[in-house]
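Worksheet: the structure to be examined is printed underneath.
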Amino acid sequence: MATLWFCLSAIMIAVYVVLDGFDLGAGIVQIVVARNEDDRSQILKSIGPVWDGNEVWLIAAGGTLFFAFPALYASAFSGFYLALMIVLWLLILRGISIEFRDRVSAALWPPFWSAVFGGASALLAGVFGVALGNVVRGVPLDSQGYFILPLWTNLGIGSETGIIDWYTLMVGMTSLFVLAVHGSLWVVLNVEGSLQDRVRSFGTKCWVGLVALTVSLTVVSFRIQPNLLRQYSSHPLGFVLPAMAIAGMIGSRILSARRKDLEAFLASGLYLVGMLISAAFGIFPNVLPSNSNPDLNLTIYNTATVAQRLTVGLWWFIPGVALATTYSFFVYRHFAGKVE
């Protein structure tokens, strides 16, 4: 049951990143590509009907981790307290920027909230990447399974590391580029005219940077986290997951060049799922590795709640996810098409 809930948690996080990822990417696109208020309005309308529903999956993923692995939840929330507060404030700023943008008829009001929306989206994309980098790299866990980290120290990896170092910044930069590509493919799918052409060109440029970052990050990650090499060496079937990511990355570029925009967006989603599930597979059975002593790793075995509760929870989880999936399917189908 612990392994099953680990897989479910990884899938929930991947679903959130794929869905809310293009929302964040649309904010990045708006910063760089939008030339006037009409452009910004079109980009915002492309996510308007779905952005808040997408964030439900973040709550669901957090709830899944809290229920299945309470010790991990307690450790991570205490050690990453400052970083989590930053995430919370960015989520709040992003939400109110969307809701408040058209509330006041003043020349400076919409541009101000558009800037807040774009800035918060870009920062969130980077912060989520930094968080993933910390999980892969590991943290200085003590014998009770807790840790405390400063926001940064000297940006180096060692005994005095912080939440932000050169490796986690590299993961954060990769996250920024991949969500910029993902968001641009979504916006291209939903707008027309010169804005569509400019967004497509922006996405192509970001894709080139994404390829370089993905290759570099993969090589560095295997050196930073020894468990990755052990997992893939002992379970060669796991290479299917990074192969999915590679297929999605290449496919998104080829399909976009051929103007198959829906297929390109889905391929980008495949890349995201492949990368995230590859990382989860690589650190398994750990849920939060120790970067000082492997014996202190938080694993699915020493953080999971009792098996009986996990079994009972599964009967609540299935209808809940089915309901959320049905709602998402309805909304995306109902609001499909180009924005006006």
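Read the figures in this text as sums done on the coordinates, not as results from a lab. None of these values were measured; they are calculated from a predicted model. No Cβ is skipped: glycine too gets one built from the backbone with ideal geometry, and neighbour counts run over all protein chains shown.
General remarks:
- Label-to-label distance, nm, for residues given as residue 233 and residue 323 (7 Å Cα→Cβ offset): 4.7 nm
- Peptide ranges 84-91, 50-57 listed from the most packed, as the mean C-beta count within 10 angstrom indicates: 50-57, 84-91
- The chain: calculated mean residue ellipticity at 222 nm from DSSP helix runs of at least 4, using -39500 (n - 2.57): -26000 deg cm²/dmol
- Note on the chain: Rg/Rh from Cα positions, Kirkwood definition for Rh, rounded to two decimals, is 0.97.
- Mean-position separation - Cα centroids, the stretch 109-157 and the stretch 199-227, in angstrom: 18 Å
- Farthest positive-ward along the stretch 68-184 dipole, Cα basis, beta-carbon charges - from 110, 77, 144: 110
- Cα centroids of the stretch 228-295 and the stretch 15-60: 23 Å apart.
- √(5λ) per eigenvalue of the Cα gyration tensor, the stretch 251-308, largest first, Å: 38, 14, 5
- The protection proxy used here, the mean number of other Cβ atoms lying within 10 Å of each residue, ranks peptides 128-139, 284-295 as follows, highest first: 128-139, 284-295.
- Loop-located trypsin sites (Lys or Arg not before Pro) in the stretch 232-340, at most 13 other Cβ atoms within 10 Å (DSSP): 258, 259, 338
- Positive-pole candidate from 315, 254, 275, dipole of the stretch 246-340, charges at beta carbon: 254
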